[in-house]
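I have placed the structure first, in the form of structure tokens, so that the comments after it can refer back to it.
The values are calculated or read from the model by the stated rules, or taken from the named source; none is laboratory data. Nothing here was measured: the structure is a model prediction, and the numbers come from that model. Methodologically, a virtual Cβ is constructed for each residue, glycine included, from the backbone with ideal geometry; neighbour enumeration extends over all protein chains shown. Just so you know, the surface numbers come from the protein's heavy atoms only, side chains and all, with ligands and any DNA or RNA stripped out. Shrake-Rupley method; radii C 1.70, N 1.55, O 1.52, S 1.80 Å.
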Amino acid sequence: MEEIVVLIVGAGPSGLATSACLSVHSIPHIILEKEDIYASLWKKRAYDRLKLHLAKEFCSLPFKPHSPDSPTYIPKDMFVDYLDDYVKTFNIQPKYQRHVESASYDEADGKWRIEAKNVLTGGVEVYVAEFLVVASGENSGKYIPELPGLDSFSGETLHSSEYKSGAKYENKEVLVVGCGNSGMEIAYDLSNYGVQTAIVIRNPVHVVSKEIVRVGMIFSKYLPIFIVDIMTVLMSKILYGDLSKYGIRRPTKGPFYLKATAGRAPVIDVGTVAKIKSKEIKVVPAISSIDGKKVLFEDGAEREFDVIVFATGYRSVANNWLKDFKHVLNETGMPKNDFPHHWKGEKNLYCCGLSRRGLFGVSMDASAIADDIKKVVTEKLNK
């Protein structure tokens, strides 16, 4: 059994940022990571053409801004290099291949007991910590919806986390399910390789450019969200026109309001809209059922596909191992407290990176958590 002041679960950007902030305060801590490397989502499960969708000033971790000569929208590989340098700078040393199986609060001694399986040895390690930080992220478990007949599909199915490049699918018919940023960009990438591409757009979605989002985020520091939303929607209408005739409906609520209240991000267009307008990418409605390679849609149309890519997002799986999750999370594994108080729970339990505000939110969470832990530790020492 190992006793520690702070235990962090997860070595993605959230865990790395929290570790750096704790190190600045000279607070002892360890990180447990189930994979064999930090930032595994970025290093192993990101498609080749990915760039950060937000400008670099909104995508840095605490105490380390991006270099002035780096591009405004940083490519995946450059961001991975940034994380490598971040780990070296703060001497972050996670314990890898530790699969946390349970974490519960011991009321008797007022500490957290964490049990983790060492994948290499097969043994179970026990840790006792005063503070526990859930940093496993909102993208910890891939989600694929249950569709009638999906198990009968005779082609290839994959989650967006497994997708790398459209080069593999030349001369094939591919259906992308999901119209978030990943789905729209994957559809664009497939089309660039001459793939016959269709994308399911079921729900209303805001479509904006990177520049529009950047302007909106800057103005949101000074203006009410409803005014920023009016400006953002107006700019989008001027740039893209009426997209409803192409199967893309705009929500009634504004993009920044939806991001703040529901965590629903607008789609940041990388060129997909132009391909939809030119019919290089076909928009289709929700799927009714699947039979072999044949996919039936809600409008009655049907079409055969060789591949289905599910860009249907992820789910937080923290509740699977965090037995006393109620102190900080709700039943879905997301913060029970509203922003901006979402990161702090009861019994010295915290969560980082679950605000649905990307890397900007990660940085805010990590700083707040470390400052709060420092405050509690200092008050305890002064008693």
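At-a-glance table
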quantity: Shape category assigned to the stretch 1-159 from the gyration tensor of Cα positions, a/c cut at 1.5; calculated: oblate
quantity: 20 Å Cα-Cα reach of Lys221 towards aspartates and glutamates, excluding residues that sit fewer than 8 places from it in its own chain; calculated: Glu57, Glu211, Asp229, Asp338, Asp365
quantity: Between helix 358-382 and the chain: long-axis angle, C-alpha atoms, 0 to 90°, nearest 10; calculated: 10
quantity: Those lysines that a straight Cα-Cα span of less than 19 Å connects to Lys294, excepting residues fewer than 8 apart in one chain; calculated: Lys172, Lys282
quantity: Degrees between helix 225-240 axis and first principal axis of the chain (Cα, 0 to 90, nearest 10); calculated: 30
quantity: Sparsely packed chymotrypsin sites (Phe, Trp or Tyr not before Pro) within the stretch 115-214, loop by DSSP, other Cβ within 10 Å at most 15; calculated: Tyr143
quantity: In the stretch 89-198, the GluC sites (Glu not before Pro) that fall in loop regions by DSSP, at most 14 other Cβ within 10 Å; calculated: Glu107, Glu146, Glu170
quantity: GluC sites (Glu not before Pro) restricted to the stretch 299-383 and DSSP loop, no more than 15 other C-beta within 10 Å; calculated: Glu331, Glu346
quantity: The chain: angle of helix 76-89 to the longest principal axis, Cα-based, in degrees nearest 10; calculated: 10
quantity: For the chain: accessible area per residue (Å², 1.4 Å); calculated: 47
quantity: Fraction of accessible area attributable to carbon and sulfur, the chain (%, probe 1.4 Å); calculated: 51
